[in-house]
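Please treat every number below as a calculation from the coordinates, not as lab data. Fair warning: this is a prediction, and the values are worked out from it, not measured in the lab. Virtual Cβ from ideal backbone geometry, glycine too; neighbours counted across all protein chains shown.
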Amino acid sequence: MFIFIGGVHPKTKTLDSTPRICPLCGQLGLKLKRIDHYFNLFFIPLFPLKKGSPFYQCDYCSTLVDENQQPITTTYSEDKTCCPYCGRPASPDFSYCPYCGRPL
C-alpha cells in the first residue's frame, strides 16, 4: 500500500529585508514580501506554481501595505469586524485584537 501526501501550500517569501518605517505604528519593521504557492510532496516544497503580488508587512503590528504605501483593506462577512489598527479580522465579542493586542 502506498500513501501519497501532497498538495499546494502558500509560502511567504521576503523579497527585500531592508526595513522601512510603518505608517501605522511608526516602527522600523516594514519589509517587502510576497506569497508564493508551491507544490509540496510529503510537506517538502518542490516547485513554485504561482507567484503572488508584492506587498509590505510590518513585523511589529502586522499591517499590510501595498507598494504605494497605501493600507491594504479587505472585506469580511458581517459576523466579523476588522481591527482599526492592523486591519485583520476579529470577532465582535473581542475586547482586544488577537493579532496586535490593541483595544477594539
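List the trypsin sites (Lys or Arg not before Pro) within the stretch 1-65 that fall in a DSSP loop (any state other than H, G, I, E or B) and whose Cβ has at most 16 other Cβ atoms within 10 Å. In loop regions of the stretch 1-65 (DSSP not H, G, I, E or B), the sparsely surrounded trypsin sites (Lys or Arg not before Pro) are Lys51.
Lysine pair count for the chain (Cα-Cα distance under 14 Å; residues 8 or more apart in sequence or on different chains): 8.
In the chain, Cα pairs under 8 Å separated by at least six residues give a relative contact order of 18 percent. Charge tally around Gly29: other residues with Cβ under 9 Å, Lys/Arg +1 each, Asp/Glu -1 each, net +1.
Under a 5 Å amide H cut-off, with hydrogens placed 1.01 Å from N, Asn40 pairs with Gly7, Val8, His9, Leu46 among residues at least 5 apart or on other chains. Give me the log10 of I(q) over I(0) for the stretch 2-49 at q = 0.25 Å⁻¹, as the Debye formula computes it from C-alpha points; what are the numbers? Values returned for q = 0.25 Å⁻¹ are -0.84.
Residues in the stretch 31-41 carry Karplus couplings, in order, of 10, 7, 9, 8, 9, 9, 9, 10, 7, 10, 10 Hz; the curve used is 6.51 cos²θ - 1.76 cosθ + 1.60 with θ = phi - 60°, and Gly or Pro positions show x.
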